1. In the stretch 117-143, how many are open to solvent by 60 Å² or more (accessible area, probe 1.4 Å) and either in contact (Cβ under 8 Å) with a residue 24 or more places away in the chain or hydrophobic (A, V, I, L, M, F, W, C) (or both)?
2. Six or more apart or on different chains, Cβ under 7 Å: which pairs go from a residue in the stretch 54-74 that's open to solvent by 70 Å² or more (accessible area, probe 1.4 Å) to one that's of a type in the set (Val, Ile, Thr) and part of a helix (DSSP H, G or I)? Could you list them?
3. Go through the stretch 144-172 and report how many residues are at pLDDT 70 or above, over 16 Å from Ser25 (Cβ atoms) and open to solvent by less than 70 Å² (accessible area, probe 1.4 Å).
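The values are calculated or read from the model by the stated rules, or taken from the named source; none is laboratory data. As the structure is a prediction and not an experimental result, all values here were calculated from the model. Cβ coordinates were reconstructed from backbone atoms using ideal geometry, including for glycine residues, and neighbour counts include every protein chain displayed. Heads up: the accessible areas ignore ligands, DNA and RNA and are worked out on the full protein's heavy atoms, side chains in. Shrake-Rupley method; radii C 1.70, N 1.55, O 1.52, S 1.80 Å.
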Amino acid sequence: MGLVGLVASFFSIVYAYSRQTFALSRAGYLPKSLSVTNNRKAPVLALIVPGIVGFLLTLTGQGATLLNMAVFGAAVSYVLMMASHIVLRRREPDLERPYRTPGGTATTWVALVLAVLAVLATFLVDPLAAGLTLVAFGLFMAYFAFYSRHHLVASAPEEEFAALAAAADDVR
């Protein structure tokens, strides 16, 4: 059963990383070459490049460190999602939502506290993995600060909300 779960996770991860790479490239957050599609509309480089990076990382023989880095990254992601949910609920309380969180922001606060504890626990379990992940995050943030934010694609769906919000602020 574990092997079946691992295989299922593998295919979903391949799909997810390629879609995420494609979307981030299309919006200008990653090099635009990663969002070029072939004649069948498949983003070949968005599929291949992250796979090559992942394969090369497996050759390091640091499987436990890589797994702990993934856990740390996921925990940071959970912290950011919970914080974003709380901020959105406070700033836009009347926004129409197709789904309401059971317990509202109270359950989100519980999840946020647990996610912060998971982030802190990663430093206790494997400080090297947490530190390496922070370095990777820092490199991506530097890439955004110095290059990517000046080359965002304004018409990308990811940027439309920001443009609409800016236009609404100008009207007020």
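1. The total comes to 13.
2. Val71/Thr122
3. Final tally of qualifying residues: 5.
Table: residues versus (1) assigned to a helix (DSSP H, G or I); (2) modelled with pLDDT under 85.
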| residue | (1), (2) |
| --- | --- |
| Phe10 | yes, yes |
| Val14 | yes, yes |
| Thr21 | yes, no |
| Thr37 | no, no |
| Lys41 | no, no |
| Ile48 | yes, no |
| Ile52 | yes, no |
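Table: residues versus (1) open to solvent by 80 Å² or more (accessible area, probe 1.4 Å); (2) closer than 23 Å to Ala145 by Cα.
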{"site": "Tyr17", "(1), (2)": "no, yes"}
{"site": "Ser33", "(1), (2)": "no, yes"}
{"site": "Leu80", "(1), (2)": "yes, yes"}
{"site": "Tyr99", "(1), (2)": "yes, no"}
